[in-house]
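Just dropping this structure here.
Values in this text are rule-based calculations from the coordinates and carry no lab data. The structure displayed is predicted, hence computed values, not measured ones. In this analysis, Cβ positions are derived from the backbone assuming ideal geometry, glycine residues included, and neighbour counts consider all displayed protein chains.
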Amino acid sequence: MKEFDLAIIGGGPAGYVAAVRASQLKMSVAIIEKRATLGGTCLNVGCIPSKALLDSSEHYESAHKRFAEHGIQAAEIKMDVAQMMKRKDKIVAEVCAGVDFLMKKNKVERFLGFGSLVSASEVKISNPSTGSGQAPADKSEQTIKAKKIIIATGSVPIELPTVPVDGKAIITSDHAIALTKVPKHMVVIGAGVIGLELGSVWRRLGSKVTVVEALPRLFGTADRQGSNLAQRILEQQGIEFLFEHKVEKAEAKGKGAVVTVKAPTGESKAIEADVVLCAIGRKPYLEGLGLDKVGVKLTERGRIDVDFHNWQTSVPGVYAIGDCINGPMLAHKAMEEGVAVVEVMAGQAGHVNYDVIPGVVYTHPEVAWVGLGEEELKEKGIEYNVGRSFFKPNGRAKAMMEGDGQLKILADKKTDRILGAFCVGAQAAQLIAELTLAMEFGASSEDVARTCHAHPTLSEIVKDAAESAGGWAIHQ
Ligand code: FAD
Ligand code: NAI
């Protein structure tokens, strides 16, 4: 039986990053992945393909809506969906191959197959799986030994029993990144990150998009002004929101589907669509892992329970990271945990600062945030100053025709330490990175305000907001 210092089940951002770091720290490492390619949800069917489509569709919309203003004359702009998908598939193949390269470079031994726990030090690798994205069935089976095991099996879409996914008319994000033609009408269930991003892709390409959301507004408890602004912009772009609507059922009908929703008034109505995208969240993927057999405990919400200081489960020697444990289901959070868990195993001070994990919705404009929002600060009884700046007066934003947007910094009233930030606007993801770093360093809003920012850049919007938090914004 082959023996390793560490066996990792799952080759997504959590698992492959842990594998590389463990190898750097001189551990012998095995990684077990059931998919034919490494990279997990993120590289295969998540972050990367969705961003490839967001970029393609944004170019298409920009060509229609902005080129003329720039003086660019482009007659007859048409969308070739097959070519867009081909480009996306090529990008996915390249990034997945990049992870393969990292495994080889770091001498991580790759096992193709389904991993399950035999004990706290043994993993069975079997290959019974069939279906899309799965490794080919060859019925082979082997068991390996490891001093430590990390579970990094990620997550899968949540499905509703009354909305049976058939992959054609009723779909999840896995299918929405691979449609072969632009649906005339797409109904999205859930105004979360997937709904807004993939809804935007297909709206830009010509679909009518209706988003049905159970809650009264976007982004739950996030900054209210920011989420209202994002909603207004997305509505202006043509997305229709049905807030506080309950989905009763969806049924395939003809070449499309019918969704029955209940309005806040109690009235039910049927909406016809070519495609219904169910995007109501994701759940940890723990099927067939044998967790109960070895005694790994779950949280109340069904994720693997870990000690967040060392990511060890209730079973010594068995660890868990990424989407299958508590916390935001984000690739960058999973990767941070991948590094930290093996550093702690190696006796180092691995740490993840869960208070400073940025969140981004890659719509246009983007929506990004980090740290605490105003409602959370109020709940905690923390007094704060608000610094606000707008995209409209920023010279670079004007040149880019990106006047829609604002950035808000929340700083402790007594210490001026930055506690949170929220941004709606072009390249908000990049702008929030500066404030994420500032927060990680415990910076004050004045630290940011007194840092020289290149002119003319969107980053000056961050400086403006920091000045505003101190009450002396020059450009407002
Ligand atoms: P995963 O990436 O899910 O990887 C787990 C891997 O384990 C999978 O490859 C799976 O096949 C394998 N596996 C599971 N069980 C077994 C088993 N028993 N044996 C062998 N292998 C197994 N996050 C961001 O931060 N930014 C984004 O822009 C973003 N966009 C997204 C867009 C979409 C459409 C989706 C669906 C998700 C997106 N996410 C994004 C979320 C991100 O993909 C996840 O947070 C991230 O992939 C989690 O990493 P992970 O390693 O924990 O799990
Ligand atoms: P989500 O949790 O972001 O949003 C789900 C939405 O569906 C919520 O607004 C919820 O109120 C609503 N909802 C739930 N049940 C409903 C029902 N029955 N009827 C109507 N609405 C309902 O989940 P989503 O968009 O599926 O994404 C899953 C995960 O993937 C997220 O946790 C996210 O972190 C990750 N992701 C991250 C991205 C990014 O970082 N840019 C992009 C895409 C996904």
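Suppose a student asked you for the relative contact order of the chain, using Cα pairs under 8 Å spaced at least 6 residues apart; what percent would you report? Numbers along the way, then the final one.
Details: 1050 pairs, mean separation 67.2, N = 476.
RCO, the chain: 14 percent.
According to the Kirkwood expression over distinct Cα-Cα pairs, how big is the hydrodynamic radius of the stretch 359-471, in Å?
Working: mean 1/r = 0.0731 Å⁻¹.
About 13.7 Å for the stretch 359-471.
So what's the gap between the Cα centers of the stretch 239-299 and the stretch 350-399, to the nearest angstrom?
Computed from Cα coordinates, the inter-centre distance equals 29 Å.
Given Cα pairs under 8 Å that are at least 6 residues apart, what percent is the relative contact order of the stretch 291-418? Provide the component values of the computation, followed by the final result.
Numbers: 158 pairs, mean separation 15.8, N = 128.
Relative contact order, the stretch 291-418: 12 percent.
What order do you get for 416-427, 313-324, 173-184 when each peptide is scored by the mean count of other beta carbon atoms within 10 Å, highest first?
Working: 416-427: 25.8, 313-324: 24.0, 173-184: 18.3.
Top of the packing list down: 416-427, 313-324, 173-184.
Quick one: Debye curve from the C-alpha atoms of the stretch 1-79, no solvent, what's log10 I(q)/I(0) at q = 0.11, 0.13, 0.19, 0.21 Å⁻¹?
Summing over Cα pairs of the stretch 1-79 leads to -0.51, -0.58, -0.82, -0.92.
Ordered by residue, what ³J(HN,Hα) values in Hz, to whole numbers, does the stretch 382-387 give under the Karplus form 6.51 cos²θ - 1.76 cosθ + 1.60, where θ = phi - 60° and Gly and Pro are x?
Couplings: 8, 7, 9, 9, 10, x Hz.
Now for a different question. Sort out for me the Cα centre separation of the stretch 28-105 from the stretch 405-476, rounded to whole Å.
Computed from Cα coordinates, the inter-centre distance equals 31 Å.
Compute the relative contact order of the stretch 379-476 as a whole-number percentage, counting only Cα pairs closer than 8 Å that sit 6 or more residues apart in sequence.
31
Provide, in order from the shortest bin, the percent of all Cα-Cα pairs of the stretch 223-345 in each 5 Å bin, continuing until the bin that contains the maximum pair distance.
So the P(r) values, bin by bin, are 2, 9, 13, 12, 12, 11, 11, 11, 10, 7, 2, 0.
A further question on this structure: Where does the chain land at 222 nm, in deg cm²/dmol rounded to the nearest 500, when only DSSP H runs of n ≥ 4 count, each adding -39500 (n - 2.57), divided by all residues?
Numbers: 15 runs with 155 residues, N = 476.
The helix contribution divided over the chain gives -9500 deg cm²/dmol.
Determine the alpha carbon to alpha carbon distance for each of Lys378/Lys398; Lys297/Lys413; Lys34/Lys297; Lys208/Lys249 and list only those over 30 Å. Each step should come with its number before you reach the end.
Values: Lys378/Lys398 35 Å; Lys297/Lys413 42 Å; Lys34/Lys297 23 Å; Lys208/Lys249 20 Å.
Listed pairs above 30 Å: Lys378/Lys398; Lys297/Lys413.
Looking only at Cα atoms, what is the convex hull volume of the stretch 168-233 per residue, in Å³?
On the way: hull volume 5.8 nm³, N = 66.
Spelled out: Cα convex hull of the stretch 168-233, divided by residues, is 87 Å³.
Would you mind telling me the antiparallel percentage of the DSSP bridges in the chain, rounded to 5? Mind showing how you got there, number by number?
Values: 52 of 84 bridges.
Taking every DSSP beta bridge within the chain, about 60 percent pair in antiparallel fashion.
By Kyte-Doolittle mean hydropathy of at least -1.0 and Cα axial length of at least 15 Å, which whole DSSP H helices of the chain are selected? Present the calculation step by step, with values, prior to reporting the outcome.
On the way: long enough: 13-24 (16 Å, 0.29); 47-65 (26 Å, -0.66); 81-105 (36 Å, 0.12); 193-204 (16 Å, 0.46); 224-236 (18 Å, -1.06); 331-345 (21 Å, 0.53); 428-440 (18 Å, 1.06); 459-469 (16 Å, -0.17).
Taking the DSSP H segments of the chain (at least 15 Å long, mean hydropathy at least -1.0), we get 13-24, 47-65, 81-105, 193-204, 331-345, 428-440, 459-469.
Moving to a separate point now. Ranked highest first by the average count of other Cβ atoms within 10 Å around their residues, in what order do 13-24, 352-363 fall? Before the final figure, lay out the partial values.
Details: 13-24: 26.5, 352-363: 18.0.
Result, highest mean Cβ count within 10 Å first: 13-24, 352-363.
Order of Trp311, Trp472 from fewest to most other C-beta atoms within 10 Å?
Lowest count first: Trp472, Trp311.
Neighbouring Cβ atoms within 10 Å as the yardstick, rank Val209, Val294 fewest first. Write down the numbers at each step before the final one.
Working: Val209 26, Val294 20.
In order of increasing Cβ crowding within 10 Å: Val294, Val209.
Cα extents of the stretch 297-419 along the three principal axes, largest first, in whole Å?
Each principal axis gives a Cα extent; for the stretch 297-419 these are 56, 35, 30 Å.
Hey, what's the Cα Rg ratio for the chain versus the globular rule of thumb, 2.2 N^0.38 Å?
In units of the globular-protein estimate, the chain measures up at 1.03.
If you don't mind, another one. Neighbouring Cβ atoms within 10 Å as the yardstick, rank Lys124, Lys34, Lys269 fewest first.
Values: Lys124 17, Lys34 23, Lys269 12.
Result, fewest neighbours first: Lys269, Lys124, Lys34.
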